[in-house]
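Just below is one structure, and these are the notes that go with it.
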Amino acid sequence: MPLPRYRAEMFMDSGWPSGTAERKARFVNTLLRFIADDYPRERFTEPLYQAVSNHGYFGFIAHYDIHGFYDEQLSTPDRRTRFLEDLIDACERDAGTVRPDLWTDVKAVLLQRLRPSSPWAELSPVEAFGVSASTRPGAPTLF
C-alpha cells in the first residue's frame, strides 16, 4: 500500500529539540511505514523507540530497553493489535484536551491514517495544534 510522505511544513515546530517540524515528519513517516510493513523488528530503531516510549506523548512509558519494549508491545499479532489500539486511543484522548500538547499535530496525522472515521481526523495538523477544545469536533456544548 503506498503511503503519503509527510513534509516538515505540515507540522508546527514546538520550540523544543524533540518537537521540531522535521523530527515530527520523520517520526510520522517512519512509524506509518513500520506499521504498514507489519512491525519488522530490524526497523524498530532507537529514534522510533524514543519517540513512541520515552517522550510520553502516547502513553507508552518504557521501563525497559528497546528490545524489551518490542517484546512487550510488538512481538506478537495480539500485542501489535493492542499497541495500535492504544496508540489510536491516546491520539483521540489527547485530541479532546483543553490545551494541545507539543505533538497534537502528529496525533492528528496518525488519526487520519489509522482511524479516518475519527472526528478528530478531519483536522489538518496545523488546525489540530491550534484548535481549542470547545471548538473541536464532538466537543460538548456548554450553553
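Quick test of your reading of the structure: R80 fulfils all but one of (1) more than 21 Å from A108 (Cβ to Cβ); (2) open to solvent by 50 Å² or more (accessible area, probe 1.4 Å); (3) among the basic types (K, R). Name the failing condition by number.
Among (1) more than 21 Å from A108 (Cβ to Cβ); (2) open to solvent by 50 Å² or more (accessible area, probe 1.4 Å); (3) among the basic types (K, R), R80 violates only (2).
Here is a check on your reading of the model: is P2 at pLDDT below 90, closer than 21 Å to R113 by Cα and out of contact with any helix residue (DSSP H, G or I) (no Cβ under 8 Å at 6 or more places or on another chain)?
Yes: the conditions hold for P2.
List every residue pair whose Cβ atoms sit under 7 Å apart, with the two residues 6 or more apart in sequence or on different chains, where the first one lies in region 19-39 and is within 15 Å of T104 (Cβ to Cβ) and aromatic (F, W, Y) and the second, anywhere, is modelled with pLDDT under 95 and assigned to a helix (DSSP H, G or I).
F27/A51; F27/V106
Please enumerate the residues belonging to region 37-54 that are crowded, with 16+ Cβ neighbours inside 10 Å and assigned to a helix (DSSP H, G or I).
Selection gives L48, Y49, A51, V52, S53.
Starting from residues that are assigned to a loop (DSSP other than H, G, I, E, B) and open to solvent by 60 Å² or more (accessible area, probe 1.4 Å), keep the ones in region 1-36 and report whichever is farthest from R80 (Cα to Cα).
G15
Which one is modelled with the highest pLDDT among residues in region 83-106 that are surrounded by 17 or more Cβ atoms within 10 Å (Cβ to Cβ) and either over 16 Å from the mean Cα position of the chain (by Cα) or of a type in the set (V, I, T) (or both)?
Result: I88.
Might you let me know whether region 63-71 holds any residue that is over 10 Å from the mean Cα position of the chain (by Cα), assigned to a helix (DSSP H, G or I), at pLDDT 80 or above and within 30 Å of E9 (Cα to Cα)?
yes
The values are calculated or read from the model by the stated rules, or taken from the named source; none is laboratory data. Computed from a prediction, not measured in an experiment: that's the story for all the values here. Here the Cβ is made from the backbone with ideal geometry for all residues, glycine too, and neighbour counts use every protein chain on show. For accessibility, only protein heavy atoms count, side chains too; no ligands or nucleic acids. Shrake-Rupley method; radii C 1.70, N 1.55, O 1.52, S 1.80 Å.
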